[in-house]
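Notes follow the structure.
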Amino acid sequence: AVKILDVGCNTGRGGLRFKELNPNLTLFGLDCVQERLDVLPDCYSQKVYGLSTDIPMEDRFFDVITAGEFIEHLYPADVDQTLCEFQRVLKIGGRLLLTTPNPNYIKNKILGMSVYGVSHLTQHFPEVLRLRLQMHGFSGVKLYGSGKVSQYLGWHFPLMSIYGSYLVVANKY
């Protein structure tokens, strides 16, 4: 079975969606808040208490890592260590899927707002995150728009600034 690590799994909404799409997945939830792990749905095979900077799993264990709206919650110094850990626990040929708020989102620029907030400690410009992932050994890095606009225009509209968030898909080869 395909093994997926859901990093920053929170209460498991993302995992439920994955299991709907493919019931044969083996799903692991990683979070640093025990109370969140305590309420994870049964579709998670394993609940892992820990940090993304030191994932308590063996090397090359997962086929897929997903980190939905997660990376922006890391301290700047922890982003690179987290990407190193993703590289370590992901199998060769594995895939990373992550979403994060888009600092280029035109609505925020017009309103003078930022993706920074009480819990958003970092921001990740799409092309900078692409380069950062490549520097950590990921290849085939693709960017897609996500968020509410994607429901109307899809993920491939050529103007990334219309999306409030974006999806990054990267491979380990």
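Please determine, by comparing only the residues of the stretch 93-111 that are assigned to a strand (DSSP E or B) and of a type in the set (S, T, N, Q), which one is farthest from E72 (Cα to Cα). Selected residue: T99.
I'd like to check something: does the stretch 141-153 contain any residue that is crowded, with 17+ Cβ neighbours inside 10 Å, among the hydrophobic types (A, V, I, L, M, F, W, C) and more than 15 Å from the chain's Cα centre (by Cα)? Yes, the stretch 141-153 contains at least one residue that is crowded, with 17+ Cβ neighbours inside 10 Å, among the hydrophobic types (A, V, I, L, M, F, W, C) and more than 15 Å from the chain's Cα centre (by Cα).
Residue pairs whose Cβ atoms lie under 6 Å apart, sitting 6 or more positions apart in sequence or on different chains, and linking a residue in the stretch 153-173 that is aliphatic (A, V, I, L, M) to a partner that is outside any strand (DSSP E or B), are M160/P126; I162/V149; A170/L133.
How many of the residues in the stretch 154-173 are among the aromatic types (F, W, Y), buried (at least 18 other Cβ atoms within 10 Å of the Cβ) and within 13 Å of K142 (Cα to Cα)? Number satisfying all stated conditions: 1.
Based on what the data block shows, is S119 of a type in the set (S, T, Y), without any contact (Cβ under 8 Å) to a residue 12 or more places away in the chain, touching a helix residue (DSSP H, G or I) at 6+ places or on another chain (Cβ under 9 Å) and on the phi < 0 side of the Ramachandran plot? Talk me through it step by step, then tell me what you get.
Values: of a type in the set (S, T, Y): yes; without any contact (Cβ under 8 Å) to a residue 12 or more places away in the chain: no; touching a helix residue (DSSP H, G or I) at 6+ places or on another chain (Cβ under 9 Å): yes; on the phi < 0 side of the Ramachandran plot: yes.
Here the answer is no, as S119 does not meet what is asked.
What about L98, is it touching a Gly at 6+ places or on another chain (Cβ under 8 Å), closer than 23 Å to D54 by Cβ and modelled with pLDDT of 95 or more? Taking the combined requirement at face value, the residue satisfies it. Taking every residue in the stretch 4-18 that is under 13 Å from V64 (Cβ atoms) and touching a residue at least 40 places away in the same chain (Cβ under 8 Å) and pairing it with any residue that is in a helix (DSSP H, G or I) and among the hydroxyl-bearing types (S, T, Y), at least 6 positions away or on another chain, the pairs with Cβ-Cβ distances below 9 Å are V7/T82.
The values are calculated or read from the model by the stated rules, or taken from the named source; none is laboratory data. It should be emphasised that the depicted structure is a prediction, and the values quoted were computed from it without experimental measurement. Positions of Cβ are generated from backbone atoms using ideal geometry, with glycine treated the same way; all protein chains shown enter the neighbour counts.
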